[in-house]
Amino acid sequence: MENVNKIEKKWQDYWDKNKTFWAKNGDKRKPYYILVEFPYPSGSGLHVGHVRSYTAQDALARMMRMQGYNILYPMGWDAFGAPAEQYAIKNHIHPRDAVQENIKVFKGQMKSLGFSFDWGREFSTTDPEYYKWTQWQFLQFYKHGMAYKDTIPVNWCPTCKSVLSNEDAAGGVCERCGTQVEQKEKSQWMLRMSDYSEDLLTGLDDTNFADRVKLGQINWIGKSQGCEIDVEIVGGGKFSVFTTCPETIYGITFFVIAPDGKLIKELMPRVENKKEVEQYIKETALKSNMDRTELNKGKTGVEIKGIKAINPVNGKEVPVFLGDFVLGDYGTGAVMAVPSHDQRDFEYAQEHHLEIIKVIDCGDISEHAIEKTEYMGHDYKMINSEEFNGMLVDDAREAIANMLVEKGYGRKVNNYKMRDWIFSRQRFWGEPIPMINCPECGWVPMDEEDLPLLLPDVVEYEPTEDGESPLANITDWVNCKCPKCGHDAKRETDTMPNWAGSSWYFLRFMDPHNTKEFASMDAMKYWNRVDWYNGGMEHTARHLLYARFWVQFLYNIGLVPHKEMIWTRVSHGMVLGSDNQKMSKSKGNVINPDDIVKEYGADTLRVYEMFMGDYQMDAPWSTDSLRGCKRFLDKIERLKDKINDQEGYSEKLEVLQNKTIKKIEYDMTHMGYNTVISSLMILANAYDEAESITKDDYHLILTLLNPIAPHITEELNEQIGFKPICEDTWPVYDEEKTIENVKEIAVQVNGKVRATIEISIDDDEDLIKKKALECENVQKHIDGKEVFKIIVIKGKIVNIVVK
RNA sequence: GCGAGUAUGGCGGAAUUGGCAGACGCGCUAGACUUAGGAUCUAGUGUCCCAGACGUGCAGGUUCAACUCCUGUUACUCGCACCA
């Protein structure tokens, strides 16, 4: 074959020119929406990992198009965000220009790989026509009371000079640069995501996400069921605690409240050891700057003197402490301490020499607490718990909770780990938040007609020293009139987080050129929802949570047709370096897809990445294996020389052909891409062994291989005079022809294979038994023994049990 | 610590429902054709004390039959980590 790259270019141009893969809204074919996460167009170009998932979904898209579906397989760019901004700061160019340059590179690479994207729907989150609607949707959040400003201690990265979400600051370090995160008070836009905790949980039932994906969502939302209990303070006043273990309430020997919470501030006037308490609060604020894991060793804290609290169930007065293991922003910011049955409380009690009372008769607690996971579900009985003594723990749990409610001591509540979404970023390269601060009216939303609020051109992209967005320096832009009263006012200078634009982009693909709405209801109803969504495991949890929250909100205000707009979510494994480690420049194990395409062709790379292993698991790169795939494609090409002048399909090949079609259809829709390739190899080997093959035989294997290797198959197909595969239909298999008439099956004696017999499709059980018993080697192994039972599994195996 | 996932030849990995473990490919060995081969073809390739036995991280169990189901256990990977 002539130059592979030339042929590939020829077909890529053909698809472009004919708009072969453009989806049509409202078309009467069955719609099916396949989505891959749109990439962040970084300066380093497309990664071989992108190639893996794009090829997999591309293959599915190409097969289903041939099966008569109206396939939406779009591509776009998630181009706002820190890396582009950092790059711009370094090189003194506008991030917009840098992004445009990178998009050009990415798009060129994608085209060279022959992905069947509908390029007619391409957009970038940085296009004003797109972010206009991101801003518009923010205004809807605001107008429905879902966006609010709050001054809260936030995670602050001193290097990036930016506020980070809890998620971005996971583990106490900045996700981007690794710097220790500090705490800083800042006024931030927030979205009330916590209002949606329960809906985001129950909504999962209306999705087909993989179990591990659902579990990620569930863990992130972090629901825990328990009781909130009111605690009186001696001498007046009260506070509440949250517990998931009401059964241990008689074991309370002290309370602990959060040093960073609001409660201690309220109690301050009554505190006798103010100095000591204030000192501890200060220390805690500093501690968050340091490596937290180091501090996990001990349970620090101080007693709040002058404050005693009363256990509501038995009137017992116990001391109250400050302790940094209690978090100010979870639950009520205070806990009841039961050192006998909670390990943290136990450690705290040891450290501060406090009383330990066992309330469940479950063994020795002198070394460590016996926690819920250990005592629940066993026949342990209650002790030291007044009228509940002698009751089984599992029963006491419910009984005590009910008693608390009845007597008005508390109520049953659910708590969620998920917090509200911190929506402000002090950066330049993001969607401006369309809010105006008026000295008379306060925060006023921009008029919707005035959107988009464009990002101005600036010279400097660095955040200001005090952490304001660089936009704050552009007075022309900042100063404006209040839309409500006309008074001089100032714009919000914070921008939106990177997650904003990616939370609804899949809706825009359904109707990308709409100038009146973010997407019309008709278009969204037509496409229904994303049928098949593929992305990396890394950000599945966060991205899906934000996107689902966003969509649920839009649903609640009547703007999208479903509460969940994503049906199936699957995730692929990484492509590792040949050293089995994550590809990185520093390790020198990076494979550039361009080099591979140039040397072996796009088809070889595509086939190899599908064949390399289980799609959902990480797989190391192997250039040797890649060459094997090249050999396979060469073999396909060579088979053309075996074409005879007969019509139709070769009789000898028909069963295998039908079986192969069936298997490929199954595997393609079940992420079994590697076995799609292996069954094609088996078919090719069978063709190779045959004396000769017909033109139709050849056309068939080209069609089956086409979704994965679209260029070479089109070229060879053209050479034998067929119309382009991309305009043809997918072959239909005949179930009856997938079954062999004659088959070889194994004969076991006591579970060990001793012979094989040939059976025909219409042999009955007795005949099969007879054939099995006639085998010489079988005779040898049953000789002198009593045949106890003969098990015949039709078409599979015979097992003779002897004693 | 909690949650999830994974474990099969020298390597990547097959084995929809329990039914001949190692498909398919890589690598390797020997040979053929060759000036040459990252080309092609042929044969072979789990282990061992090779008429047979043993083999899917380890130890048990269920079954005529277990990579597959059950109980326990180990190692690694990922996610969350003082969440009351």
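The values are calculated or read from the model by the stated rules, or taken from the named source; none is laboratory data. Note that the coordinates shown come from a computational prediction; the quantities given were computed from them, not determined experimentally. We place every Cβ from the backbone using ideal geometry, glycine too, and count neighbours over all the protein chains shown. To get the accessible areas, we keep the full protein, side chains included, count just its heavy atoms, and leave off ligands, DNA and RNA. Shrake-Rupley method; radii C 1.70, N 1.55, O 1.52, S 1.80 Å.
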query = Restricting the first residue to the range A:732-759 and requiring it to be aliphatic (A, V, I, L, M), which pairs with a second residue that is open to solvent by 90 Å² or more (accessible area, probe 1.4 Å) and assigned to a loop (DSSP other than H, G, I, E, B) meet a Cβ separation below 8 Å and a spacing of at least six or different chains?
reply = A:Ile745/A:Lys796
key: Enumeration of residues in the range A:680-708 that are open to solvent by 10 Å² or more (accessible area, probe 1.4 Å), under 20 Å from A:Asp603 (Cβ atoms) and near RNA strand B (Cβ under 10 Å from one of its atoms)   = A:Met681, A:Ile682, A:Asn685, A:Asp688
message = On the basis of being surrounded by 22 or more Cβ atoms within 10 Å (Cβ to Cβ) and touching a strand residue (DSSP E or B) at 6+ places or on another chain (Cβ under 9 Å), does A:Ile725 make the cut?
response = no
query = Of all helices (runs of 4 or more DSSP H) completely enclosed by the range A:326-422, which ones contain at least 1 residues that are near RNA strand B (Cβ under 9 Å from one of its atoms), buried (at least 18 other Cβ atoms within 10 Å of the Cβ) and in contact (Cβ under 8 Å) with a residue 24 or more places away in the chain?
reply = A:343-352
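Conditions (1) open to solvent by 20 Å² or more (accessible area, probe 1.4 Å); (2) part of a helix (DSSP H, G or I); (3) more than 15 Å from A:Ala337 (Cβ to Cβ); (4) acidic (Asp, Glu), marked per residue:
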site: A:Leu201; (1), (2), (3), (4): yes, yes, yes, no
site: A:Phe209; (1), (2), (3), (4): no, no, yes, no
site: A:Val213; (1), (2), (3), (4): no, yes, yes, no
site: A:Gly216; (1), (2), (3), (4): yes, yes, yes, no
site: A:Trp220; (1), (2), (3), (4): yes, yes, yes, no
site: A:Ser224; (1), (2), (3), (4): yes, no, yes, no
site: A:Glu228; (1), (2), (3), (4): yes, no, yes, yes
site: A:Val241; (1), (2), (3), (4): no, no, no, no
site: A:Phe255; (1), (2), (3), (4): no, no, no, no
request  = Check A:Lys28, A:Lys9 and return the single one that is in a helix (DSSP H, G or I) and open to solvent by 10 Å² or more (accessible area, probe 1.4 Å).
outcome  = A:Lys9
remark   = Of (1) surrounded by 13 or more Cβ atoms within 10 Å (Cβ to Cβ); (2) assigned to a loop (DSSP other than H, G, I, E, B); (3) within 15 Å of RNA strand B (Cβ to nearest atom), A:Trp730 satisfies every one except (3)
task = Please tell me if A:Glu637 is in contact (Cβ under 8 Å) with a residue 60 or more places away in the chain, within 36 Å of the chain's Cα centre (by Cα) and assigned to a helix (DSSP H, G or I).
result = no
query = Say we look at the range A:733-745 and pick out the residues that are surrounded by 16 or more Cβ atoms within 10 Å (Cβ to Cβ) and of a type outside the set (Lys, Arg); which of these is nearest to the chain's Cα centre (by Cα)?
reply = A:Tyr733
inquiry  = With the requirement that a residue be part of a helix (DSSP H, G or I), more than 30 Å from A:Leu700 (Cβ to Cβ) and more than 28 Å from the chain's Cα centre (by Cα), what does the range A:63-94 give you?
reply    = A:Ala88, A:Ile89, A:Lys90, A:Asn91
message = Yes or no: the range A:617-628 includes at least one residue that is open to solvent by 50 Å² or more (accessible area, probe 1.4 Å), within 6 Å of RNA strand B (Cβ to nearest atom) and assigned to a loop (DSSP other than H, G, I, E, B).
response = yes
Looking only at the range A:292-324, and only at residues there that are modelled with pLDDT under 90 and open to solvent by 40 Å² or more (accessible area, probe 1.4 Å), the one that is nearest to A:Lys223 (Cα to Cα) = A:Asp324
message = When you check A:Lys642 against the structure, is it touching a residue at least 24 places away in the same chain (Cβ under 8 Å) and near RNA strand B (Cβ under 9 Å from one of its atoms), yes or no?
response = no
key: The one condition in (1) touching a Lys or Arg at 6+ places or on another chain (Cβ under 9 Å); (2) assigned to a strand (DSSP E or B) that A:Val277 fails to fulfil   = (2)
query = If you scan the range A:630-671, which residues turn out to be touching a Lys or Arg at 6+ places or on another chain (Cβ under 9 Å) and open to solvent by less than 10 Å² (accessible area, probe 1.4 Å)?
reply = A:Gln657
ask   = Which of the residues belonging to the range A:428-455 are open to solvent by less than 20 Å² (accessible area, probe 1.4 Å) and within 22 Å of A:Pro83 (Cα to Cα)?
value = A:Phe428, A:Trp429, A:Gly430, A:Glu431, A:Pro432, A:Ile433
task = Would you check if A:Arg542 is surrounded by fewer than 22 Cβ atoms within 10 Å (Cβ to Cβ), assigned to a helix (DSSP H, G or I) and of a type in the set (Lys, Arg)?
result = yes
task = Tell me, yes or no, whether the range A:581-588 has at least one residue that is open to solvent by 10 Å² or more (accessible area, probe 1.4 Å) and within 30 Å of A:Asn685 (Cβ to Cβ).
result = no
request  = Give just the number: which of (1) under 34 Å from the mean Cα position of the chain (by Cα); (2) near RNA strand B (Cβ under 10 Å from one of its atoms); (3) under 15 Å from A:Leu700 (Cβ atoms); (4) in contact (Cβ under 8 Å) with a residue 40 or more places away in the chain does A:Thr660 not satisfy?
outcome  = (2)
Residues that are within 21 Å of A:Val742 (Cβ to Cβ), assigned to a strand (DSSP E or B), open to solvent by less than 100 Å² (accessible area, probe 1.4 Å) and touching a helix residue (DSSP H, G or I) at 6+ places or on another chain (Cβ under 9 Å), drawn from the range A:756-798 = A:Ile757, A:Ile759, A:Ser760, A:Val792, A:Val798
remark   = Going through the range A:499-542 in order, the residues found to be within 16 Å of RNA strand B (Cβ to nearest atom) and not aliphatic (A, V, I, L, M) are A:Trp499, A:Gly535, A:Gly536, A:Glu538, A:His539, A:Thr540, A:Arg542
message = Looking for something out of contact with any helix residue (DSSP H, G or I) (no Cβ under 7 Å at 6 or more places or on another chain) and among the acidic types (Asp, Glu) - is there at least one such residue anywhere in the range A:599-612?
response = yes
ask   = Any residue at all in the range A:463-478 that is small (Gly, Ala, Ser) and in a strand (DSSP E or B)?
value = no
query = When you look at A:Ile720, is it within 16 Å of RNA strand B (Cβ to nearest atom) and of a type in the set (Val, Ile, Thr), yes or no?
reply = no
